[in-house]
Every structure is written in C-alpha cells, then in structure tokens.
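Here the structure is laid out as structure tokens; the discussion comes afterwards.
The values are calculated or read from the model by the stated rules, or taken from the named source; none is laboratory data. From a predicted model like this one, the values you see are computed outputs, not experimental measurements. Cβ placement follows ideal geometry from the backbone for every residue including glycine, while neighbour counts extend to all protein chains displayed.
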Amino acid sequence: MPELPEVETIVRELDAALPGRTVRDVRIFRADALGGVAPAVFRAALRGRTVQRVARRGKFLLFHLQPEAWLVGHLRMTGKFVVSPPLPAPEPHHRVWFALDDGALLIFQDLRCFGTLAVVERLADHAGLAALGLDPFSRRFTAAWLAEALAASRAPLKHWLMDQRKLAGLGNIYVAEILYAARLSPLRPAASLAAEEVARLYRAIRRILRKAIHKSGTTIRDFRRVDDRTGEFQNFLRVYGKAGQPCPACRTPIARRVQQQRSTFYCPTCQT
Ligand SMILES: [Zn+2]
C-alpha cells in the first residue's frame, strides 16, 4: 500500500505535468471509486476546470482546480495515476479517464478498486481529510507536539504511529524503518518514551521519510511512478520484510511478530 513517500513521489510528478491543463472530459469505466456519487455529477463537477497545482496531505492527493474546487484522491491498496498519450480504448484496470486540453489522458487505474476519488468545493468538506491527524511535514508537527501526543496515548508505539487520526501518512513499511532508526521497540507503550527517546523518534520520522522521498518511494509489489518506473527505497530497507536475516548493526536475527493483523519487523537487541 502506498505510504507518504510513494504518494509524495506521485504528487511531485503530477505537479510537474498537470498545472495549466484543463479537464475537457471525464470517462468513468467503473464508479466504485466515486463513493456513491453519480458518474454524471462527478463528470459535471470536473469538466472545464483547470489544474492549479497538485499537493498532498497524509496519503491523500489534492488536485487544486479553478474555478475553485478540489479533486481529492486516495490510492488505498493498488490505485495509480498515470499520464498517458491518447489511447483508443481503456485497459482492464482503468477506472477513470480525465481527458486534458493538450490531448493527454490522466488515468486513474486500480486493480483492487479500493481507491477513492471525490470532488469538493472546500477541503474542509471532505470527511476523510477532516478526520486526519498531522502531516509529518506540516509546521505544527514538532518534537513537543509528538511528546504530548504520545504521553496521552495508551496504545503501543507501532499502533500510535500507524493511526492516521494521529499522524497522517505512515504505514507498515515506514513505521518499521523509523522505529529501527530510532532504536525503539514497536511493542513499547507510546506513553512510556523518555524525552530523549521522543527526540530520537521525531528525527527518525523526518529522516526516513525524506530519504524515501529522495529515492522515489519503495516498490515491493505494485507501486509505480507516474511514468511506470519503480521506486528505489526497497534497496535501503533495514528490517521490513527481513525476518531471520541479521540486523545490519548487531547481527541478531530480525524478529517478526503480528500486531493488529500486520507483520511487525524489528531487532530485539537494538530496539528497546
Ligand atoms: Zn540489532
């Protein structure tokens, strides 16, 4: 599932390609992604609007449009945006085509159909965004905020970091890598961290995410960039998916446990 660095990679590529382009038409091949909105309503809301810029909050993609509106997308498991030359017919996983005024197609494709698209006049009108916690690159995300938020929680550290209502954008891969970099056990109660440990965690969150964005995200199964290239951060993973392999720092075999039905990978020696 794409996490913050993969979505940021896509957003940067779309933001380089789309601003100034006007949506001439919208073709919907499967309406699952529209959350119950009638295809004709979705089409009418987008037609004739021009993309100003593409941004991100947590794992949501935000297309700012003029006249004022927002197309808000979430890739979930297997959603993808592709910018393509005109095509004669949709491919099997194409869900929506946005025909642009320069002849190109912005294609939303989704193998498993969990991705979502919505058009809203104001971002505050979008329920998913309204429920979202802080983005790790927002100005409000500080070590002091993190210390206070962790202290108020009863959850294990990993659960807290995965909770999009607290911090928006992290998932299983980056939480594993961040906790390894911070030398903190995913099993620790969030509220048990000392000030120095919170500072380590705060620095690790920003450092790992920055590095992953710099490497254009992680491709393990499905993630592809807008031009279909893969990310490269999979070559820099230390613990995720490495159960039984030696820890790069201490040679202890990386452990795997299940938390919230998801695999947790960590070094039982380095992460305390
Ligand atoms: Zn270790």
Problem - the stretch 227-252, subset within 14 Å of the ligand (Cβ to nearest atom) and among the hydrophobic types (A, V, I, L, M, F, W, C), residue nearest to E6 (Cα to Cα) - result: V239
Handout entry: Near pairs, Cβ below 6 angstrom, 6+ apart or cross-chain, from the stretch 243-272 (touching a residue at least 40 places away in the same chain (Cβ under 8 Å)) to any residue that is hydroxyl-bearing (S, T, Y) and within 10 Å of the ligand (Cβ to nearest atom)
Key = C267/T252
Completion exercise
Among L161, L193, the single one that is touching a strand residue (DSSP E or B) at 6+ places or on another chain (Cβ under 9 Å), of a type in the set (A, V, I, L, M, F, W, C), surrounded by 19 or more Cβ atoms within 10 Å (Cβ to Cβ) and at negative phi is L161
Practice task
For the stretch 127-142, name all the residues that are closer than 12 Å to I205 by Cβ and crowded, with 16+ Cβ neighbours inside 10 Å.
Solution key: L134, D135, P136, F137, F141
Practice task
Out of the residues in the stretch 122-134 that are touching a helix residue (DSSP H, G or I) at 6+ places or on another chain (Cβ under 9 Å) and touching a residue at least 40 places away in the same chain (Cβ under 8 Å), state the one that is farthest from V23 (Cα to Cα).
Solution key: G133
Fill in the blank from the handout: With the first residue restricted to the stretch 155-175 and required to be closer than 9 Å to L132 by Cα, and the second required to be β-branched (V, I, T) and modelled with pLDDT of 95 or more, Cβ contacts under 8 Å at 6 or more apart or on different chains are L167/I205
Completion exercise
Flagged in the stretch 116-164 as basic (K, R) and closer than 30 Å to E68 by Cα, in numbering order, are R122, R139, R140
Problem - Out of A204, A195, A191, sole residue that is within 16 Å of the ligand (Cβ to nearest atom) and either among the small types (G, A, S) or touching a residue at least 24 places away in the same chain (Cβ under 8 Å) (or both) - result: A204
Exercise for the section: Confirm whether R224 is of a type in the set (K, R), within 16 Å of the ligand (Cβ to nearest atom) and either assigned to a loop (DSSP other than H, G, I, E, B) or surrounded by 13 or more Cβ atoms within 10 Å (Cβ to Cβ) (or both). Expected result: no
Handout entry: Qualifying helices (runs of 4 or more DSSP H) (wholly inside the stretch 91-173; at least 3 residues being under 19 Å from P5 (Cα atoms) and not β-branched (V, I, T))
Key = 157-162
Fill in the blank from the handout: Of the residues in the stretch 120-142, those that are farther than 18 Å from L34 by Cα and either more than 22 Å from the chain's Cα centre (by Cα) or basic (K, R) (or both) number 2
Fill in the blank from the handout: When A255 is run through (1) surrounded by 15 or more Cβ atoms within 10 Å (Cβ to Cβ); (2) small (G, A, S); (3) more than 16 Å from the ligand (Cβ to nearest atom), the failure sits at (3)
